[in-house]
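What follows is a single structure, written as structure tokens, with notes after it.
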Amino acid sequence: MPRRGFGRIKSRLTVEKKYVDVVVPLALPGLFTYSLPDGLSARVGEGSRVVVPFGGRKYYTAIAVRLHDEAPAGDVKVKDVAEVIDDGPVVLPGQLKFWLWLSLYYMCTPGEVMRAALPSGLKLESESVVQLNPDWDFSASLSEREHILLAAIGGEVGRSVHQLGKDLKVRNLLPAVRRLMDKGAVVMKESMARRFRPKTETHVRLTEAYADEERLDAFFAELKRAPKQEAMLAAYLDMAGGAEALRLKNPKMLAEVSKSSLLRQGGGSEAALAALCAKGVLATYAYEVGRLRPVSGAVTALRPLSEAQRQAKEGVEVAFARHDVCLLHGVTSSGKTEVYAHLIAETLARGRQVLYLVPEIALTTQLTERLSRLFGGRMGVYHSKFPDAERVEVWRRQLGPSPYGLILGVRSSLFLPFRRLGLVIVDEEHETSYKQQDPAPRYHARDAAIVLARDS
């Protein structure tokens with residue numbers, strides 16, 4: 001009896017092997033199953049990016065769709081996930097559902113939808129060609145392995161990740177290449193701007209050793225013979241609000257100060273700043289500033305609607321009470337945009353998000369200024385002609401705690417992450433530009449928008 005009881009306890013303690021079904025960015029049907037090593041299983045979630053081996057020696061960035069403990073049927077050898085890229089999802093559950101619907105309805109593969117949906121900066125594969133970044137500071141510190149990898153890349157021609165791995169006899173080189181990309185040492189050959197790297201500028205801060213009022217006063221006394229350094233340090237403390245922060249003994253209160261503004265407003269020189277850094281009083285560091293340009297100018301109030309516009313808006317609201325979709329018909333310059341603006345404002349006031357689709361990029365330029373006067377920093381613009389790094393920043397912001405409330409863009413905006421989508425406007429819905437002809441998925445953005453709004 002005790003032996004049988006012990007056996008039952010032992011079977012319950014057996015850890016089931018974890019598997020994950022992923023979308024691979026290839027024109028192949030269905031999802032692909034991989035096993036999750038113990039060290040990675042806790043980090044993978046639905047919508048996370050993972051690096052997986054595919055075929056002989058190729059690796060791809062894939063999106064996790066489903067985690068489970070069901071081994072594939074038959075005598076199938078399941079490969080392990082090589083790496084987890086993100087701590088959180090980059091694709092939301094609603095997006096994954098939308099991807100799978102697109103692949104079924106428009107008869108393409110989930111991988112083709114993934115290729116269309118994700119900005120290039122969120123994808124990396126072993127067939128990608130990398131090259132040295134000529135703008136990188138080659139004096140920066142790197143590990144020995146990274147130096148070896150840079151030497152193997154060599155020149156301006158670039159090498160594929162697959163070929164590099166073959167030459168260096170390393171099976172999975174994607175993580176090392178990605179780290180070099182994050183540091184800015186290498187870029188993708190297709191375009192110097194098509195790999196995402198956060199935009200930074202050099203900032204200056206007070207070191208912890210001198211974040212003390214008495215010690216700083218003593219240091220100022222030593223600078224009497226170095227007036228330029230004294231003026232530079234005084235200018236920094238003035239710009240950072242140092243007097244209050246040091247008085248309250250709270251260095252976290254020090255404001256961010258860029259190196260360029262300090263040199264400009266402090267009237268000092270690079271040599272004076274370098275001397276203060278060498279003495280350990282100030283330090284420079286890279287500060288992420290982002291590429292998204294904030295909307296400038298004051299936000300204006302909505303104009304009152306005319307009687308015809310008011311009736312049209314009320315008609316839309318009555319239609320929405322009965323159906324999920326409403327068609328607003330009006331000739332050019334009849335004031336439809338003003339009606340849209342009032343509907344957008346009401347949706348934002350309820351804490352929901354709005355997607356405003358236009359058929360052509362030229363129309364986003366015309367509408368951006370008009371809508372930015374009404375919604376200011378709550379509005380973002382997204383289209384395929386933006387540099388890829390900016391598209392990635394918009395994508396990441398939509399996943400963050402302060403997403404745009406209003407997105408204005410062309411059909412590719414359908415693929416952005418929305419957590420609280422409340423209204424979708426398809427302007428000039430009859431335009432043929434809403435149809436994606438080539439490559440797959442060959443979809444109609446108007447019809448896809450209806451499904452997206454219905455399921456949000």
Here the residues within segment 145-187 that are crowded, with 17+ Cβ neighbours inside 10 Å, over 27 Å from the mean Cα position of the chain (by Cα) and among the small types (Gly, Ala, Ser) are 165
Going through segment 105-115 in order, the residues found to be of a type in the set (A, V, I, L, M), open to solvent by less than 60 Å² (accessible area, probe 1.4 Å) and assigned to a loop (DSSP other than H, G, I, E, B) are none
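Can residue 305 be described as open to solvent by 60 Å² or more (accessible area, probe 1.4 Å) and part of a loop (DSSP other than H, G, I, E, B)?
When the stated conditions are applied, residue 305 does not pass them.
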Here the residues within segment 340-370 that are over 19 Å from residue 303 (Cβ atoms) and touching an Asp or Glu at 6+ places or on another chain (Cβ under 8 Å) are 357, 358, 359, 360, 363
Listed by first then second residue, the pairs whose first member lies in segment 421-442 and is closer than 17 Å to residue 367 by Cα, whose partner is assigned to a strand (DSSP E or B), with beta carbons under 6 Å and at least 6 positions apart or on separate chains, are 424/355; 425/356; 426/357
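Out of the residues in segment 36-58 that are assigned to a helix (DSSP H, G or I) and open to solvent by 40 Å² or more (accessible area, probe 1.4 Å), state the one that is modelled with the highest pLDDT.
Looking at residues that are assigned to a helix (DSSP H, G or I) and open to solvent by 40 Å² or more (accessible area, probe 1.4 Å), I get 38.
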Looking across segment 60-104 at residues that are modelled with pLDDT of 90 or more, closer than 19 Å to residue 418 by Cα and assigned to a loop (DSSP other than H, G, I, E, B), the single one that is nearest to the chain's Cα centre (by Cα) is 90
Just checking, does segment 2-22 include any residue being touching a helix residue (DSSP H, G or I) at 6+ places or on another chain (Cβ under 9 Å), modelled with pLDDT of 90 or more, under 21 Å from residue 174 (Cβ atoms) and not in a strand (DSSP E or B)?
no
Requiring at least 3 residues that are modelled with pLDDT under 85, closer than 24 Å to residue 287 by Cβ and open to solvent by less than 50 Å² (accessible area, probe 1.4 Å), the helices (runs of 4 or more DSSP H) wholly within segment 213-263 are 242-247
Taking segment 203-233 and keeping only residues that are free of Cβ contacts under 8 Å to residues at least 12 places away in the same chain and either of a type in the set (S, T, N, Q) or within 18 Å of residue 269 (Cβ to Cβ) (or both), one is left with 223, 225, 227, 230
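The values are calculated or read from the model by the stated rules, or taken from the named source; none is laboratory data. Note that the coordinates shown come from a computational prediction; the quantities given were computed from them, not determined experimentally. Ideal geometry is used to build each Cβ from the backbone, glycine not excepted, and the neighbour counts take in all protein chains shown. Note: areas computed on protein heavy atoms with side chains; ligands, DNA, RNA excluded. Shrake-Rupley method; radii C 1.70, N 1.55, O 1.52, S 1.80 Å.
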